[in-house]
Every structure is written in C-alpha cells, then in structure tokens.
There are 2 protein chains.
Amino acid sequence: MQVIYAIFMKKAKKRSDCPVSTSLDIWGDKWSLLIIRDLMFAKECTYGDFLKAPEGIATNILASRLEVLEENRMIEKLDHPDSRAKVLYRLTKKGIDLLPIMIEINLWAEKYFPIPADRKEMLKEVKKDKTAFIKSKTKELERQGD
Amino acid sequence: MQVIYAIFMKKAKKRSDCPVSTSLDIWGDKWSLLIIRDLMFAKECTYGDFLKAPEGIATNILASRLEVLEENRMIEKLDHPDSRAKVLYRLTKKGIDLLPIMIEINLWAEKYFPIPADRKEMLKEVKKDKTAFIKSKTKELERQGD
DNA sequence: AATTTTACTTGCAAATTGCAAGTGCAAATA
DNA sequence: TATTTGCACTTGCAATTTGCAAGTAAAATT
C-alpha cells in the first residue's frame with residue numbers, strides 16, 4: 001500500500017529522518033494547517049470556501065497547497081452532490097489524525113493569547129474529556145458520503 | 001505583563017484571530033519547530049548546536065528564526081558558563097508548553113512513517129502515561145541554571 | 001443566448017530562502 | 001605577546017517561493 005502510493009507521491013525532499021522534520025516537510029508552512037483546520041471545523045469544503053477564510057490565502061497558493069496535501073494523502077477530492085462545477089475536499093484518515101495536534105495548538109494558544117468565544121467553548125468540551133472529544137470528533141469526520 | 005511585553009514585540013502581522021493562525025504566525029514555518037525540538041531534546045543549545053542538526057539550516061535563517069522566537073518569548077538567551085564567546089539558548093515556559101504539540105506530532109508521524117529507534121523508545125514512554133511524561137519532561141526543562 | 005459561478009492557471013513583482021564568504025570578539029596556542 | 005582558532009553572527013547575491021491581479025474553461029443560472 002505504502003509502496004504503491006509512493007510511486008504517485010512527489011519526491012518529498014525529506015530533510016532528515018526526524019519525524020518532526022518529515023511532518024513539517026508535508027504540512028509545516030503558514031497555510032496547510034489552516035486548510036486542515038477548515039476541513040476539521042466544516043468537515044467538507046469547496047475551493048471557494050477555503051478562499052473565504054479570514055486569513056485570505058491567495059488562489060495560486062491555495063491550489064498548490066491542496067495539491068501537496070492531496071499528493072500526501074492528507075485530503076481527497078469528492079464529487080459535489082449538487083453540481084459538477086463544484087469540488088468537495090475532505091480529510092482522509094491520515095488528515096483526521098492531525099486532530100490531536102490541532103487541539104493541542106488551540107490549547108497552547110488559549111494559554112497565551114485571547115481567543116474567540118466559540119473556540120473557547122470548544123476547548124471547554126475538550127478539557128472535560130480530551131480522549132472522548134477526539135474519539136467523537138474523529139468519528140464525525142470519518143463518516144462517509146454525508 | 002502581556003501589555004508590557006507587547007511593546008517590545010515586533011508587529012506580528014496577525015492574519016486573523018484564529019488561535020491556529022496566530023500560532024502559525026510565530027512558529028509555523030519549516031524551521032522554528034526544529035529549533036524547539038532541539039531545545040526539548042537537549043535542553044540547552046548553542047548557535048553551533050543548531051547548525052549541526054541533520055536538516056542543515058542556513059546560518060542566516062537560523063539567526064532570523066532565533067530572533068523571532070526570542071521576540072515572542074518562546075526562547076531566551078543565557079550566558080554560557082564556560083565561555084563568554086558562547087551563547088546558550090533555552091526554552092521559556094511558553095516554549096516548554098509546546099511539548100504536548102511536539103509529542104502529538106511525533107505520535108502522528110510514527111503512525112504514518114518509519115521513525116528512528118530512539119524516538120520510538122521515547123514514544124513508548126509517552127504511551128504508557130502521556131500526562132505523567134509531559135509533567136516530568138516539563139519539570140526537567142524548567143529547572144533553572146543547570 | 002448571455003451572464004454568472006466555480007475551480008483553477010498564468011504572469012510578474014516582491015519577499016523569503018539558501019549558499020558562500022565575510023566580520024568581530026573571545027579564547028586558546030605559540 | 002603575537003597569532004591563530006572558535007564562535008556567533010552578518011552580508012551579498014542568486015534562486016526559489018509568495019502574493020497580487022488578471023485570465024481561462026467548464027458548468028450552472030437567468
């Protein structure tokens with residue numbers, strides 16, 4: 001499986017064998033985790049949805065990040081049920097598994113910066129039972145089709 | 001405290017109020033988390049130590065990342081006990097608090113890539129009791145002086 | 001049939017990165 | 001004491017990446 005995939009993946013210019021370095025080679029830039037964030041909060045997004053995010057990613061950068069994330073099997077494309085002109089993007093299991101990292105980033109940020117109320121609400125849930133939150137959110141994101 | 005520090009911090013060109021975005025504005029590039037990693041594994045590092053890391057960071061990039069991390073109070077400089085020509089870098093509490101993120105990155109990577117044996121050993125400890133591991137490692141990193 | 005929406009691509013300027021070669025001070029060596 | 005070496009950076013420049021604005025093609029709407 002891994003071998004077969006590897007054929008299609010762009011040469012990852014791996015900087016070292018360190019797992020942190022290898023991870024950053026895939027999603028360690030200013031934009032990728034924001035794309036992942038959008039998919040975790042909205043479950044599915046169109047190209048236009050990503051463009052609407054408050055950070056204002058440039059369209060060519062978005063296209064290039066989506067390409068890299070797809071090549072590395074973090075996200076996948078889906079037919080939009082309503083229109084053939086639209087494309088739905090969704091997290092793969094590999095992408096969903098970034099959830100613990102995403103949560104820890106939010107928790108860290110909450111400790112050192114003021115954060116929006118709705119995000120604070122979510123973290124309240126997280127702090128009640130982190131394991132349960134991850135399990136349930138993962139299940140939610142994993143559900144196929146709809 | 002926060003306000004006073006803010007005066008000295010370079011304008012952070014915050015892209016949005018999202019905690020993920022705000023975090024990435026500080027350390028969301030290809031190199032910063034590797035510097036943090038080195039400090040977590042070695043506790044204290046000199047400029048030269050960072051340069052020796054297998055990823056091979058360029059010296060000017062290193063200098064610029066260290067500057068940003070210091071401005072944002074993630075790391076701090078220390079006099080080297082052996083020589084005034086050397087500088088020790090150490091994590092602040094804010095930097096040490098990235099430990100849960102660092103651990104989750106390692107756990108994610110372990111699930112999807114082959115990772116070095118020594119790192120796998122560490123993760124074995126983590127998986128025994130994550131909370132305990134973080135607590136003890138944090139204490140270790142917090143110890144002043146030496 | 002004409003317009004709008006959607007997902008991109010393209011061209012180019014600006015910013016960032018990476019390499020190689022300095023620089024300046026401290027420490028070790030002759 | 002003079003000289004060399006080590007260490008923490010800085011500087012200059014080429015190459016890559018980013019960001020902005022405009023364009024394109026197919027599909028949906030009017």
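The values are calculated or read from the model by the stated rules, or taken from the named source; none is laboratory data. These numbers were taken from a predicted model, which means no experiment stands behind them. Cβ sites come from the backbone with ideal geometry, for glycine too, and all protein chains shown count toward neighbours. Just so you know, the surface numbers come from the protein's heavy atoms only, side chains and all, with ligands and any DNA or RNA stripped out. Shrake-Rupley method; radii C 1.70, N 1.55, O 1.52, S 1.80 Å.
Some observations on this one:
- Residue check for B:T22: more than 13 Å from DNA strand D (Cβ to nearest atom) and surrounded by 14 or more Cβ atoms within 10 Å (Cβ to Cβ): yes
- Any hit, region B:45-65, residues being more than 12 Å from DNA strand D (Cβ to nearest atom), in contact (Cβ under 8 Å) with a residue 24 or more places away in the chain and more than 14 Å from chain A (Cβ to nearest Cβ): no
- Residues satisfying the stated conditions in region B:68-92, i.e. touching a Leu at 6+ places or on another chain (Cβ under 9 Å) and open to solvent by 30 Å² or more (accessible area, probe 1.4 Å): B:E76, B:K77, B:L78, B:D79, B:H80, B:P81, B:V87
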